[in-house]
Ligand SMILES: [Zn+2]
Ligand SMILES: [Zn+2]
């Protein structure tokens, strides 16, 4: 268990030390050309230490250094109910997925939308945890960041897309927050009788020539 706490830099230094000791042994052996010196003086302890260190290195598992966030999909409709499935994954320093050495709590922060859970736990021995992000009604890009003690976070951006809406007069796709159609300048009819779109079953004004939800032309 202690081995898992070895930071990789120490691991690298131990490796370097091993190499230096072995080289030193060989150099001294060549310089003095003495078998006794080699075996008793430096060779014995150096080889012993090298062997011990190698044994130690062999037992050191890689440790997670990064936490990566993935979103599927990265673009969802800004309707306050669309979902993106979020995966939080532990990576080693080379970017390979790696199991958690201990239960790892990760705090998620989002600049928009709503996380099903802001804290997720990656259980010991598992590589990842999951949660869900629900869009807000405000469109635009948001940042999603993970915070787990001592781990570098690979943050991502998600895009909440404007919900397509069609002009009921001319069928042009309108902006979600646009009050009038950018093509014909008319505003959607309001306070009138409604009907159901034969194409998508949305409730739309009787006078609508086009469905606001799906853009389908309506029979006169
Ligand atoms: Zn229009
Ligand atoms: Zn429709």
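Restricting 203, 106 to those that are within 16 Å of residue 87 (Cβ to Cβ) and either over 35 Å from the mean Cα position of the chain (by Cα) or away from ligand 1 (no atom under 16 Å from the Cβ) (or both) reduces the list to 106.
Residues of region 166-188 that are surrounded by 15 or more Cβ atoms within 10 Å (Cβ to Cβ) and more than 8 Å from ligand 1 (Cβ to nearest atom): 166, 176, 188. Against the list (1) exposed (fewer than 14 other Cβ atoms within 10 Å of the Cβ); (2) modelled with pLDDT of 70 or more, the condition residue 70 fails is (1). Being farther than 20 Å from residue 155 by Cβ and surrounded by 15 or more Cβ atoms within 10 Å (Cβ to Cβ) is a property that residue 64 lacks. Within region 153-168, is there a residue that is within 30 Å of residue 219 (Cβ to Cβ) and touching a residue at least 60 places away in the same chain (Cβ under 8 Å)? Scanning region 153-168, I find at least one residue that is within 30 Å of residue 219 (Cβ to Cβ) and touching a residue at least 60 places away in the same chain (Cβ under 8 Å), so the answer is yes. With a requirement of 1 or more residues that are modelled with pLDDT of 90 or more and at positive phi, the strands (runs of 3 or more DSSP E) lying completely within region 92-158 that satisfy it span 140-147.
The values are calculated or read from the model by the stated rules, or taken from the named source; none is laboratory data. Keep in mind that this is a model prediction, so the values were computed, not measured. Because the Cβ atoms are built from the backbone with ideal geometry, glycine has one as well, and the counts that use them run over all protein chains shown.
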